[in-house]
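The values are calculated or read from the model by the stated rules, or taken from the named source; none is laboratory data. Just so we're clear, the structure is a prediction, and the values are computed from it rather than from any experiment. Cβ placement follows ideal geometry from the backbone for every residue including glycine, while neighbour counts extend to all protein chains displayed. The protein model used for the area step is the full one, side chains on, heavy atoms only, and it has no ligands, DNA or RNA in it. Shrake-Rupley method; radii C 1.70, N 1.55, O 1.52, S 1.80 Å.
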Amino acid sequence: MLKEDVAEVLITEKELQARIAELGKAISANYEGKDPLLVCVLRGAVVFLSDLIRQITIPHEIDFMAVSSYGGTRTESSGIVRILMDLTTNIQGREVLIVEDIVDTGLTLAYIIENLKTRRPASLRTCALLNKQERRQVDVPLDYVGFVIPNKFVIGYGLDYDEKYRNLPFVGVLKPEVYIE
Ligand code: PRP
Ligand code: 7HP
């Protein structure tokens, strides 16, 4: 059982859903009449995106991009990012909101911001469910944040360890015996 590998539940399903409802409300108010495009960064953010859009009450669109950082370990990104799958939408002149599950070193989001900026959107903002602030290596602007979390490797609610645990409905910390660097 995947749940048996969890040492600690950091954020419960109820806490996640309550905070996501608040984020959806804030986004709906701030983007009223603007038809924003929510850009989901695959794969981790897909669970967050799917709950978030159901809390957004204004017309909007979604699109997806997949990036990968290569050369890292199972738990550390290398900071070298490349696009594996690009958006299908032309974002020039659009109000774009990047949706991430977690910002850790900030290297992935910094790369995505720089890349999308060159496409001249009308605005480019960010929404991250989790902010692991202590680990930041580069400054990235976060416009909407669900939770600030401690420097622990987390899984669940879209977040994986070695591609597993994404289906857990809460955010948890793995037991040390499961975890190999
Ligand atoms: C995770 C997460 C962010 C990135 C954050 O993606 O979804 O994109 O790491 O780390 P950083 O701030 O240190 O760059 P991951 O590469 O694990 O891919 P996944 O979403 O497919 O699990
Ligand atoms: C990426 C990532 N993926 C899962 N859990 C974490 O704590 C992470 N930080 N960066």
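Checking Phe170 against (1) within 29 Å of Asn30 (Cβ to Cβ); (2) open to solvent by 80 Å² or more (accessible area, probe 1.4 Å); (3) of a type outside the set (Val, Ile, Thr); (4) in contact (Cβ under 8 Å) with a residue 40 or more places away in the chain, which test does it fail?
(2)
So how many residues does region 1-24 have that are under 25 Å from Val178 (Cα atoms) and in a helix (DSSP H, G or I)?
At the first step, the residues of region 1-24 found to be under 25 Å from Val178 (Cα atoms) are 1-13, 16.
Checking which are in a helix (DSSP H, G or I) leaves us with 2-5, 13, 16.
Residues that pass the stated criteria total 6.
Please go through region 87-131 and pick out each residue that is more than 21 Å from Ala21 (Cβ to Cβ) and charged (D, E, K, R).
Within region 87-131, Arg94, Glu95, Asp104, Glu114, Lys117, Arg119, Arg120 meet the criteria.
Across region 150-167, which residue is nearest to ligand 1 (Cβ to nearest atom) among those that are part of a loop (DSSP other than H, G, I, E, B) and either among the aliphatic types (A, V, I, L, M) or surrounded by 21 or more Cβ atoms within 10 Å (Cβ to Cβ) (or both)?
Among those residues, the one meeting the criterion is Gly158.
Could you list, in sequence order, all residues of region 131-149 that are open to solvent by less than 70 Å² (accessible area, probe 1.4 Å) and in contact with a helix residue (DSSP H, G or I) (Cβ under 7 Å, 6 or more places away or on another chain)?
So the first thing to find is which residues in region 131-149 are open to solvent by less than 70 Å² (accessible area, probe 1.4 Å), and the list is 131-132, 135-136, 138, 140, 142, 144-147, 149.
Those that are open to solvent by less than 70 Å² (accessible area, probe 1.4 Å) and in contact with a helix residue (DSSP H, G or I) (Cβ under 7 Å, 6 or more places away or on another chain): Val138, Val140, Tyr144, Gly146, Phe147.
Tally time: how many residues in region 105-139 are closer than 17 Å to Phe48 by Cβ and within 13 Å of ligand 1 (Cβ to nearest atom)? So that I can check it myself, show each step before the final result.
Filtering region 105-139 down to residues closer than 17 Å to Phe48 by Cβ leaves 108-109, 112, 125-132.
If we keep only those that are within 13 Å of ligand 1 (Cβ to nearest atom) as well, we get 108-109, 112, 126-132.
Of the residues in region 105-139, 10 are closer than 17 Å to Phe48 by Cβ and within 13 Å of ligand 1 (Cβ to nearest atom).
Tell me whether region 90-97 contains one or more residues that are away from ligand 1 (no atom under 11 Å from the Cβ), open to solvent by less than 80 Å² (accessible area, probe 1.4 Å), closer than 14 Å to Val41 by Cβ and part of a strand (DSSP E or B).
Within region 90-97, one or more residues are away from ligand 1 (no atom under 11 Å from the Cβ), open to solvent by less than 80 Å² (accessible area, probe 1.4 Å), closer than 14 Å to Val41 by Cβ and part of a strand (DSSP E or B).
What pairs come out if I take residues in region 77-101 that are without any contact (Cβ under 8 Å) to a residue 12 or more places away in the chain and pair them with residues that are within 16 Å of ligand 2 (Cβ to nearest atom) and of a type outside the set (Ser, Thr, Tyr) whose C-beta lies under 7 Å away, six or more apart or interchain?
That search, which allows pairs on different chains as well, returns Ser78/Gly71; Ser78/Gly72; Ile80/Gly71.
For the list (1) surrounded by fewer than 19 Cβ atoms within 10 Å (Cβ to Cβ); (2) touching a residue at least 24 places away in the same chain (Cβ under 8 Å); (3) over 20 Å from Tyr165 (Cβ atoms), I need the number of the one condition that Glu13 fails.
The number of the failed condition is (3).
Scan region 23-49 residue by residue and report those that are in contact with a Gly (Cβ under 9 Å, 6 or more places away or on another chain) and open to solvent by 40 Å² or more (accessible area, probe 1.4 Å).
We begin by selecting, within region 23-49, every residue in contact with a Gly (Cβ under 9 Å, 6 or more places away or on another chain); these are 23, 43-49.
Matches in region 23-49: Arg43, Val46, Val47.
When you go through (1) farther than 20 Å from Asp51 by Cβ; (2) assigned to a loop (DSSP other than H, G, I, E, B); (3) near ligand 2 (Cβ under 10 Å from one of its atoms) one by one for Val173, which number turns out not to apply?
Looking at each condition in turn, Val173 falls short on (2).
Quick one: is Leu49 touching a Lys or Arg at 6+ places or on another chain (Cβ under 7 Å), more than 22 Å from Val173 (Cβ to Cβ) and either in contact (Cβ under 8 Å) with a residue 60 or more places away in the chain or assigned to a helix (DSSP H, G or I) (or both)?
no
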